[in-house]
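Participant: I have a structure here, written as structure tokens, and I will follow up with some questions on it.
Nothing in this text is a laboratory measurement; each read-out follows from the coordinates by a stated rule. Predicted, not measured: the structure shown is a model, and the values here were computed from it. We place every Cβ from the backbone using ideal geometry, glycine too, and count neighbours over all the protein chains shown.
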Amino acid sequence: MKFPAFSYAVPATVAEALELLAADEDARPLAGGQTLLPILALRMASPGCLVDLSPLSELKNIVFEDQTLKIGAMVTFAQLARATAHQANFPLIYLALKHVAHVAIRNRGTIGGSLAYADAAAEMPVVVCALNAIMVIAGVGGARRVAAADFFTGHFSTAIERRELLTQIEFPISDHTWAFEEVSRRPGDFALVMAATGLRMRDGQCAEARIALGCVADRPLRAPAAEAFLSGKQITEETAAEAGQIATSDLKSHADIHASAEYRRKVGSTLIKRALLRAAVEPRL
Ligand SMILES: Cc1cc2nc3c(=O)[nH]c(=O)nc-3n(C[C@H](O)[C@H](O)[C@H](O)COP(=O)(O)OP(=O)(O)OC[C@H]3O[C@@H](n4cnc5c(N)ncnc54)[C@H](O)[C@@H]3O)c2cc1C
């Protein structure tokens with residue numbers, strides 16, 4: 001199908017992009033276009049104007065300062081994968097990136113576009129939840145910072161208001177060891193279920209665990225009861241399996257044409273166990 005008619009604006013700065021969005025209720029930001037353009041072609045959306053963010057170099061920086069990795073919203077998956085200097089400090093981002101789509105999509109798709117779109121089957125939402133990232137959201141009146149835990153508000157919806165832009169994602173450094181597990185039908189396909197786990201170990205016992213699940217609900221989920229259960233315990237086959245059970249037993253998972261709710265619960269539990277055992281043997285930084 002052909003795109004619906006729309007006008008096309010190319011701002012030179014973020015401030016100009018925000019003014020364009022504020023001035024036209026029907027305007028929408030265009031990032032890598034890997035989701036938005038297929039949606040337009042399928043006539044599932046018909047914005048009056050697309051505000052192209054691709055010239056905005058302000059949104060394409062990757063900077064490490066104040067023990068925080070700051071990634072501009074228009075950084076593509078491919079650009080992020082090439083920024084290997086950060087791989088040692090932020091391994092989870094790189095473990096998850098390997099599962100994101102295919103080369104052509106990674107070349108244009110952006111981390112900001114992925115987070116703003118908030119597909120429950122996308123990897124980056126799970127990563128930002130596990131890493132306690134902060135989303136920087138700008139509007140004409142200034143910027144605000146939203147924790148990952150408060151950013152995702154439901155199916156394809158986030159804390160970004162219509163006239164706002166996600167401009168940067170901030171990842172505080174952590175000394176956890178990390179693992180990421182995913183099941184999809186084929187490499188590069190959207191996930192059916194995924195789990196990210198982080199462990200901070202002291203004297204052979206878990207001092208802090210982080211567990212995040214994706215594709216089991218309308219938004220990425222942390223598993224606080226399972227995280228608390230692991231505190232002070234060794235990570236063994238038994239404790240890892242128990243944590244997986246605790247994380248998924250009360251889960252009201254969703255079913256769709258790809259997988260049943262029961263499948264997502266069972267596989268989610270298994271992926272958590274596997275990721276915990278893997279994180280437990282990762283070398284510390
Ligand atoms: C065949 C296929 C397979 C894929 N597989 C995967 C996969 O396995 N894992 C995965 O994670 N993704 C996958 N994707 C999606 C891909 O990663 C997209 O690139 C991503 O979802 C959207 O990023 P984008 O930069 O292309 O955003 P766009 O398509 O340009 O925009 C997406 C939405 O976000 C809004 N938006 C974009 N940037 C901003 C911003 N800075 N502030 C506010 N709103 C903004 C847009 O208005 C639009 O509504 C796949 C896509 C395709 C076509």
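Participant: Given the options CYS206, CYS129, CYS215, which has the most mean-square fluctuation in a GNM of the chain, springs set between C-alpha atoms less than 10 angstrom apart?
Facilitator: Result: CYS206 has the largest fluctuation of those listed.
Participant: Convex hull over the alpha-carbon atoms of the range 64-199: what's its volume per residue in Å³?
Facilitator: It is 104 Å³ per residue.
Participant: Can I ask one more? Expressed as a whole number of Å, what is the distance separating the alpha-carbon centroids of the range 117-159 and the range 1-49?
Facilitator: 20
Participant: Considering only Cα-Cα distances, which of the following residue pairs are longer than 22 Å: LYS233/LYS273; LYS70/LYS98; LYS2/LYS60; LYS98/LYS273? Mind showing how you got there, number by number?
Facilitator: On the way: LYS233/LYS273 14 Å; LYS70/LYS98 20 Å; LYS2/LYS60 30 Å; LYS98/LYS273 20 Å.
Pairs exceeding 22 Å: LYS2/LYS60.
Participant: Between SER7 and ILE105, take the C-beta separation as r, use R0 = 35 Å, and let me know the FRET efficiency to the nearest 0.05.
Facilitator: The value I calculate is 0.85.
Participant: Can you list, bin by bin at 5 Å, the percent of alpha carbon pairs in the range 10-113, starting at 0?
Facilitator: Values per bin, smallest distances first: 2, 12, 20, 20, 18, 13, 9, 5, 1.
Participant: Please list, in order, the residues from the range 1-16 whose amide nitrogen is less than 19 Å from a point placed 7 Å along the Cα→Cβ vector of ALA41.
Facilitator: Correct set: 1-7.
Participant: Right, next: Once the cut-off is 24 Å, how many percent of the Cα-Cα pairs in the chain end up in the long-distance tail?
Facilitator: 50
Participant: Okay, moving on. Give me the net charge of ALA226's neighbourhood, meaning all other residues with Cβ under 12 Å from the Cβ of ALA226; Lys, Arg count +1, Asp, Glu -1.
Facilitator: Around ALA226, the surrounding residues sum to +1.
Participant: Given a Förster distance of 25 angstrom, what is the FRET efficiency for ALA81 paired with ASN61, based on the Cβ-Cβ distance and rounded to 0.05?
Facilitator: With a Förster radius of 25 Å, E is 0.95.
Participant: Considering only ILE257, ILE169, ILE235, give the residue with the highest GNM mean-square fluctuation for the chain, with springs between Cα atoms whenever their separation is below 10 Å.
Facilitator: ILE257
Participant: Once fully extended, how much extra length lies between VAL281 and ASP250, figured as 0.36 nm per residue of separation less the alpha-carbon to alpha-carbon distance?
Facilitator: Result: 8.3 nm gained on full extension.
Participant: Something else now. First select every other residue whose beta carbon is under 12 angstrom from the beta carbon of HIS99; then total the charges, Lys and Arg +1, Asp and Glu -1.
Facilitator: After counting each charged neighbour, the total is -1.
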